[in-house]
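Below is one structure; the comments refer to it alone.
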Amino acid sequence: LREKYAVSSIAVWGTCYGGGRALEAAAGWYEGGASCYYEDAFSDRRAPPHVDPIACISWYPTRYDANRLFGENNEGFRTFESGEDRKVAVMAVFAENDELSGATPEDAALLRSRLENDPRVVDFMVKVFPGQKHGFAHNHLGQPEEGSDDTERFVDEGFGSVDSLTTGGDAEVACLLSTAWMETYTRVFLPTVGSPVRDEEENSWSSTLETNYQAEQKGIREELEEAISTFEDVSPDLGRMSQSRSPLLDGEANEAYDRIEEEREKIKQEILTKYGISPDD
């Protein structure tokens, strides 16, 4: 992306198993340590460039080790491929009733503590949604094809979803928070200003968004219901439309408009005379 399309900033976003991989990419961590990244026992090929994201969104991540990825004693890369110091903003979403290893509330607390003590992390937010289960934020993002009976094999634990869920708007909030996070921290030519989320009161940013979202959602629904109940179907009266030239026309444009209207009227009269019809016809 960087070489072919001149992309200046990259964000990674993963759920469940992919969430763990997103955290690993953000930390610049590889199984076996940093040195193994450049070792290839089967080839002399040059190692591909690092992903090096500057923003990371991870939803209920699994199969990762927070102690090795982040914190003062992390095992990840300290710099980007360019040689600059690694700087990344990390957001993680968890569910209160999640029981999968790596995605429990206890895992969320551990990840938060490691992010807080990692100098490479410019900002972070770890949000635990109360009353929710694993997969709540993305479980219903896709709709099964009509007549398909092969979707059940893609909704088991291995794919990050355990059962049918009722999110009560939490899925929408998770999406809003995540997209806002990504857009905020991937801007390069218009850098983010203001205090980091990590310095604010616990969950104040996300709590405000949740409150505003619920209030806005309720207001929109009420407006739609009121608009439907008071709607009157009125046929347009085209005869009331202005036939005069636009008041914005002036100078040469005004004169050109007059010439066009004169030519239009001339053609109209010729047609009326030739076919013996009246203007009402």
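What follows is calculated from the coordinates using simple rules that are stated; it is not laboratory data. If you're wondering where the values come from, they're calculated on a predicted model, not measured in any experiment. Cβ coordinates were reconstructed from backbone atoms using ideal geometry, including for glycine residues, and neighbour counts include every protein chain displayed.
Miscellaneous remarks
- Within the shell of other residues whose beta carbon sits under 15 angstrom from the beta carbon of residue 28, the net charge comes to -2, with Lys and Arg scored +1 and Asp and Glu -1.
- Nearest-0.05 FRET efficiency for residue 179 and residue 82, computed from C-beta distance (R0 22 Å): 0.25
- Partner lysines for residue 127 [C-alpha distance under 26 Å; skip if fewer than 8 residues away on the same chain]: 87, 218
- The amide H of residue 15, built 1.01 Å from its N in the peptide plane, has 59 as neighbours under 5 Å, considering only residues 5 or more places off or on other chains.
- Full extension of the segment from residue 9 to residue 269, taken as 0.36 nm per residue of separation minus the current Cα-Cα distance, would add 87.1 nm.
- Built amide H within the under 5 Å cut-off of residue 129, gap 5+: 94, 95, 96
- 3J(HN,Hα) from dihedral phi, the range 95-101, Karplus parametrisation 6.51/-1.76/1.60, rounded to Hz, x for glycine, proline: 10, 4, 9, 7, 10, 6, 4
- Highest average packing first - 265-277, 66-78, Cβ atoms within 10 Å: 66-78, 265-277
- Given R0 = 35 Å, the distance between the Cβ atoms of residue 261 and residue 234 translates into a calculated FRET efficiency of 0.70.
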